[in-house]
Amino acid sequence: MTGTSVSRVQGRFRGDVGTLDLDFAIDVPAQGITAIFGPSGCGKTTVLRCAAGLRHMNGNFSVAGDVWQDDAGGVFRRPHERSVGYVFQEPSLFPHLSVRGNLLYGWNRSVRKGQRATLEFEDVVDLMGLNTLLQRDPANLSGGERQRVAVGRALLAQPELLLMDEPLAGLDARAKEEILPYVEMLHRSLSVPVLYVSHDLREVARLADSMIVMEDGRSVGHGPVAEVLERLGLDRSEDDSEAGVVLDVTVASHDDELHLTRLDHHGKQIVVPRAALQVGDVARLRVRARDVALATKKPALLSFRNVLRGRVVETVEHRRSAFADVLVDVGGGRLRARITRDAMNELDLGRGRLVYALVKGISLDRPAVGRPSGRAGAT
Amino acid sequence: MTSVADAASLWSAIWLTLELAACSTAILLLVGTPLGWWLCRTRVWWKEVAASIVALPLVMPPTVLGFYLLLFLGRDGPGGWFAGLAGARTLAFSFEGIVLGSVIYSLPFVVQPIRNAFEAMGDRPLEVAATLGARPWDSFWSVAVPLARPGLVTATVLGFAHTIGEFGVVLMIGGNIPGETKVLSIAVYELVETLQWRQAHWLSGGMLAFSFAVILSMLLLQKRTGRRA
């Protein structure tokens, strides 16, 4: 391998996984959450297992300049020789140990290796909200609680890289909502880079900074989440109701009388129902393509509160369906609108056309549930 | 009409049997645990061949096993050579000899539950342990053994009880030497042969009760650990 960067996670894995011919290259910053997104069976989990050393495929892998695998140089570190944290889809807690025993398992071993603790036991316990669970038996925890313990356990092993394999996939909607804020907090209060495998676009949009789109064992697109999302699936005709974009916004003000929150996006105002955020907080909006309508004249007398002026940058017709996607630059960010091809033709929506984007549904993704408390809240 | 001598010989048989079972069980666990682990983890093609050899005593008549052991342990076999090192003529008709016989005879009863327990555990706990920085030897002791505990308990109980119940192998290679190889099952046989029904009743009844207690406690134990897991 030539030139490993101290600030990046880099690697490439090649080989056959069943009928899949996997050839996956990764080169992402060694910070923040990078989502590996793709349908089931595209090889996401295999990539993660290779990164952890649980599986040996041809290739190389390095984390922040530290070479974990380099087949050309005859380097392959086994899992216990890598500073890695792995959160499996199933929490996989040790049933013979208490919650505390589980948390201490990796911690003790990293201390024994003389590793400097960057994460203190109490801090991780606080961060993941495990204080009241320490003496419990894993068998008596809810699914969400178990997964929180699993994340805490992985963190306490002092990883240089945290790997998360669809940690929310096995949970029901309520447990998901319960655990997401913890993952978000983890993201904002820790510096450890995370590779986060998911096939859920909402999760990716909410949590990740950058993403890699994976299909049939290959990376077919990568970059910051906002950029990748706005183009995701543009070349496909199948209906993807979750397609959309994310916009980073700042909380500008609240209107307690009307129960609204005003958000600022590059000087444009977006209004949403009162959010549990404080003025100045940074949040992430997700706008699905199917929730955006377009008009060529400024509409009046309208119940839509969020009408953003912009210019069409690209149109994509989905040949075998009734729909087309239109990318609109609203100054700073882009919106994606899914409209019928018929409407596109009638409105003559070409590149550069001035349009008004009418936004119906917005989900405010981060931080969705309150403000993180205590130390974790310091930004 | 039990004489003092009879009682002493009875107690000697009981004591010898317990000693034999304890020694055999200890060796069985020492040999059976790594063997069960190996059978569970290895990918060599002849793994089931090895498993079959271990399981042979399940189907082989004990007398056949005893016959081969006799040849093996006797003066002209490797056992005799070993015995020569210790200044004896043969390993047959000795306590060490019947311990070896018992170990081989009870091996499948110990290896099978241990192997099953390791297999039921799956790879995941070991993978978790590895990503948490545990070396293979460390994760074996800190994760695999505790998780396989129900299987290890079953193996211990079965190995112990099965050794107590064996007859054919001991008869073939041990003979009937009081204080050396005369264990309970042999004693019962001898009592019946010599028409001492009363003592035979006592001994047989005792062994029946013991066997029942062992099996019952094992089932109850499994139920408890099964509920916890």
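The values are calculated or read from the model by the stated rules, or taken from the named source; none is laboratory data. These numbers come from a predicted model, not from an experiment. Positions of Cβ are generated from backbone atoms using ideal geometry, with glycine treated the same way; all protein chains shown enter the neighbour counts.
Here are some notes:
- When A:T45, A:T34 are checked against the criterion of being closer than 16 Å to A:M214 by Cα, within 14 Å of chain B (Cβ to nearest Cβ) and within 19 Å of the chain's Cα centre (by Cα), a single residue qualifies: A:T45.
- Count of the stretch B:151-196 residues which are touching a helix residue (DSSP H, G or I) at 6+ places or on another chain (Cβ under 8 Å) and part of a helix (DSSP H, G or I): 30
- Scan of the stretch B:129-153 for residues that are over 27 Å from B:K223 (Cα atoms) and within 10 Å of chain A (Cβ to nearest Cβ), ordered by number: B:A129, B:A130, B:T131, B:L132, B:G133, B:A134, B:R135, B:P136, B:D138
- Of the listed requirements (1) over 20 Å from A:P273 (Cα atoms); (2) of a type in the set (G, A, S); (3) modelled with pLDDT of 90 or more, A:A357 misses just one: (1).
- The condition of being within 14 Å of chain B (Cβ to nearest Cβ) and either of a type in the set (K, R) or touching a strand residue (DSSP E or B) at 6+ places or on another chain (Cβ under 8 Å) (or both) holds for only one of A:V197, A:V151, that being A:V151.
- Residue check for B:Q222: more than 30 Å from A:K113 (Cα to Cα) and surrounded by fewer than 18 Cβ atoms within 10 Å (Cβ to Cβ): yes
- Within the stretch A:235-245, the only residue that satisfies the criterion of being closer than 21 Å to A:V330 by Cα and either surrounded by fewer than 16 Cβ atoms within 10 Å (Cβ to Cβ) or at pLDDT 85 or above (or both) is A:V245.
- Restricting the stretch A:55-82 to residues that are among the polar types (S, T, N, Q) and within 27 Å of the chain's Cα centre (by Cα), the residue that is nearest to the other protein chains (Cβ to nearest Cβ): A:Q69
- Checklist (1) within 14 Å of chain A (Cβ to nearest Cβ); (2) of a type outside the set (V, I, T); (3) touching a helix residue (DSSP H, G or I) at 6+ places or on another chain (Cβ under 7 Å); (4) closer than 20 Å to B:L158 by Cβ applied to B:P125, failing item: (4)
- Some residue of the stretch A:202-223 being of a type in the set (S, T, Y), outside the structural domain of A:L327 (by TED's automatic domain parsing) and over 30 Å from A:F13 (Cβ atoms): no
- Which listed residue, of A:A252, A:A208, A:A275, is at pLDDT below 85 and within 27 Å of A:V292 (Cα to Cα): A:A275
- So A:G217, is it crowded, with 21+ Cβ neighbours inside 10 Å, under 23 Å from A:I26 (Cα atoms) and at pLDDT 90 or above: yes
- Checking each residue in the stretch A:241-287 for being touching a residue at least 24 places away in the same chain (Cβ under 8 Å) and part of a loop (DSSP other than H, G, I, E, B) picks out A:S241, A:E242, A:A243, A:H266, A:G267, A:A275, A:A276, A:L277, A:Q278, A:V279, A:G280, A:D281.
- Per-region count, the stretch B:83-122, residues within 14 Å of chain A (Cβ to nearest Cβ) and outside any helix (DSSP H, G or I): 1
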